[in-house]
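The values are calculated or read from the model by the stated rules, or taken from the named source; none is laboratory data. Small disclaimer: the values here were computed from a predicted structure and weren't measured. Backbone-built Cβ (ideal geometry, glycine too); neighbour counts: all protein chains shown. Note: accessible area is taken over every heavy atom of the protein model, side chains too, but ligands, DNA and RNA are not part of it. Shrake-Rupley method; radii C 1.70, N 1.55, O 1.52, S 1.80 Å.
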Amino acid sequence: MASYLSHRNPYLAIVTSFAVRNESRASPLSISPIRSRTQVRNRFHLNSSNGNPLNAFSSQDANDPGSALPIEHIKPQTVEELFPLSVPESTEYNLSITVVGASGDLAKKKIFPALFALYYEDCLPENFIIFGYARTKMTDEELRNTISKTLTCRIDKRENCEDKMDQFLKRCFYHSGQYNSEDHFAELNCKLKEKEGGRLSNRLFYLSVPPNIFVDVVRCASLKASSEKGWTRVIVEKPFGRDSESSSELTKCLKQYLSEEQIFRIDHYLGKELVENLSVLRFSNLVFEPLWSRSYIRSVQLIFSEDFGTEGRGGYFDNYGIIRDIMQNHLLQILALFAMEPPVSLDAEDIRNEKVKVLRSMIPLLLENVVVGQYKGHSKDGKSYPGYTDDPTVPNGSITPTFAAAALFINNARWDGVPFLMKAGKALHTRRAEIRVQFRHVPGNLYKRNFGTDLDKATNELVLRVQPDEAIYLKINNKVPGLGMRLDRSDLNLLFRARYPCEIPDAYERLLLDAIEGERRLFIRSDELDAAWALFTPLLKELENKKITPELYPYGSRGPVGAHYLAAKHNVRWGDLGNED
């Protein structure tokens with residue numbers, strides 16, 4: 001494993017080396033000049049392969065009369081003695097990033113712009129190169145021309161923006177090859193070595209390709225293009241299979257060539273600013289953590305809506321549907337972060353351990369707690385909007401859901417009985433993603449007559465708006481100024497663009513930097529993936545085996561009526577239906 005010495009941060013993070021393919025070949029101390037954004041935890045915590053600290057010894061061995069030295073003659077070694085921190089000044093390090101599937105939309109619109117933003121902010125090491133790899137025939141210059149159209153200096157528009165862009169593009173190269181050809185990846189390896197110039201190199205592969213190609217790419221890259229002395233890591237894009245069986249098979253195949261520590265399963269929603277703020281809001285504010293349970297919270301809603309349909313992507317979408325595309329990953333990951341117990345620390349494994357506990361505590365989804373829908377054609381203001389099955393890439397008669405709502409429950413002491421309502425859909429009335437926490441009614445409310453019969457209007461609600469216009473706001477009740485006693489509902493509002501005028505980094509920027517630094521907190525571990533699929537696979541099979549027909553809803557509406565009945569069944573109402581929202 002690699003460790004990093006920041007050129008801006010005086011701290012040194014040392015990560016233990018362990019016996020895994022590729023990373024195990026790393027030197028005991030690898031230092032890379034990548035800027036670390038977090039303070040180092042367990043600064044000199046070093047373990048040997050048997051789990052004992054490197055500067056420790058076994059008491060059993062020490063008391064063994066056959067030991068080479070009695071315990072009183074053993075001199076403890078310091079970390080500095082074991083691993084001298086001084087390295088030759090001539091030692092140079094390189095980061096090589098290969099974007100596999102470089103000719104695709106995701107690479108052009110998200111990955112290359114995110115890499116440029118990191119370079120623009122001086123978050124990449126001094127020596128780095130970027131290679132695009134795809135089947136499309138293309139020269140280095142053609143790749144540069146293609147990606148230059150999507151690069152922007154949106155962060156603060158400094159005067160040297162064009163210069164930085166030119167310098168970045170000069171570090172971008174291209175190699176054409178088949179995804180299943182070891183020979184072509186061997187050729188890529190030769191080009192990487194040539195550009196690395198003999199420096200110790202760490203290599204990151206970003207797989208921006210369909211999941212049926214993952215294993216071929218990983219096999220070829222692992223066998224023919226891995227780093228010989230530094231680390232090798234692979235970022236894998238969702239979907240991670242279609243169900244428990246296919247996901248397990250994919251993980252099994254990947255682990256033939258990579259260790260779990262080398263696999264970074266990316267869910268870009270975990271890199272969103274407001275999702276990161278969720279843990280900060282809860283664990284660093286005394287006012288919230290005591291309320292974070294069934295005693296005070298009435299329901300939790302996770303809402304995702306898009307105001308456009310599949311629009312030419314129907315062929316891809318029809319293979320997965322809205323449940324696999326949004327609910328099983330994005331929304332379920334947010335739910336796990338929201339509902340987890342306080343972790344022991346902010347270490348990646350401690351956080352992911354708590355998330356897995358939540359997922360394993362969830363009650364299996366029942367069909368009676370799920371509503372599925374599909375948008376149909378609609379005319380509004382003289383404009384016609386096509387239905388899902390009007391998309392020429394969608395098979396005739398498709399019953400793939402473009403909308404789903406579900407009520408989930410967690411069987412533990414903190415959340416017993418609290419409905420977690422999920423809603424996700426395409427071609428709805430607005431674009432939004434948010435977490436809504438509805439608190440219980442005030443017991444014996446002295447002012448209930450001022451609210452009339454609808455006490456829901458008096459319910460406090462905490463909202464984290466993930467997109468658009470990132471915000472955190474709390475709905476409270478207050479008195480309207482005047483002589484009478486008239487109550488109103490107001491928002492205590494933190495609107496990020498008003499409070500923080502700086503540009504919020506894209507989720508891909510944060511996640512790419514985390515992968516480079518070896519920070520796994522926002523990436524999905526294999527047991528997390530297994531637990532997530534175990535929750536949704538039975539439901540998906542039941543929907544498909546029974547050929548459940550989705551309820552139709554007009555393009556641009558609020559979704560099928562059944563979703564409102566589902567919420568009412570659990571004595572709550574969707575929080576995104578009010579005029580103020």
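What the table below lists for this structure:
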| item | result |
| --- | --- |
| Debye log10 I(q)/I(0) at q = 0.16, 0.19 Å⁻¹ for the stretch 103-249, Cα point scatterers | -0.94, -1.26 |
| Using a Förster distance of 41 Å, the FRET efficiency for Thr549-Glu121 (Cβ separation, nearest 0.05) | 0.25 |
| Prolate/oblate/rounded call for the stretch 425-581, Cα gyration tensor, a/c under 1.5 rounded | oblate |
| Burial ranking of peptide ranges 173-181, 423-431 (average Cβ count within 10 Å, highest at the top) | 423-431, 173-181 |
| Å² per residue, accessible surface of the stretch 160-255 at 1.4 Å | 40 |
| Nonlocal amide H pairs with Tyr174, under 5 Å, H built at 1.01 Å | Gly132, Asp140 |
| Sequence ranges 533-544, 189-200, ranked by mean other-Cβ count within 10 angstrom, highest first | 533-544, 189-200 |
| Built amide H within the under 5 Å cut-off of Tyr375, gap 5+ | Tyr388, Thr402, Tyr553 |
| Cα gyration tensor category, rounded, prolate or oblate, for the stretch 206-337 with a/c compared to 1.5 | oblate |
| Shape of the stretch 112-198, Cα gyration tensor, a/c cut at 1.5 | prolate |
| Two-site FRET efficiency, Asp166 against Asp390, from Cβ-Cβ distance with R₀ of 51 Å, rounded to 0.05 | 0.70 |
| Solvent accessible area, Å² - Glu509, 1.4 Å probe, full protein context | 20 |
| Under the Karplus curve 6.51 cos²θ - 1.76 cosθ + 1.60, θ = phi - 60°, whole-Hz ³J(HN,Hα) for the stretch 181-193, x wherever Gly or Pro sits | 9, 5, 4, 5, 6, 5, 5, 4, 4, 4, 5, 4, 4 |
| Inter-probe distance in nm under a simple model that places probes 7 Å from Cα toward Cβ, at Ala186 and Leu223 | 1.0 |
| Cut-off 12 Å, label 7 Å out along Cα→Cβ of Asn571, residues of the stretch 410-431 by amide N | 417-419 |
| Stretchable slack from Asn319 to Ser490, in nm (0.36 nm times residue separation minus alpha-carbon distance) | 57.2 nm |
| Flagged links, alpha-carbon separation over 21 Å, of Lys252/Lys547; Lys137/Lys170; Lys448/Lys479; Lys110/Lys238; Lys110/Lys191 | Lys252/Lys547; Lys110/Lys191 |
| Accessible carbon and sulfur surface of the stretch 464-581 relative to its total accessible area, %, 1.4 Å | 54 |
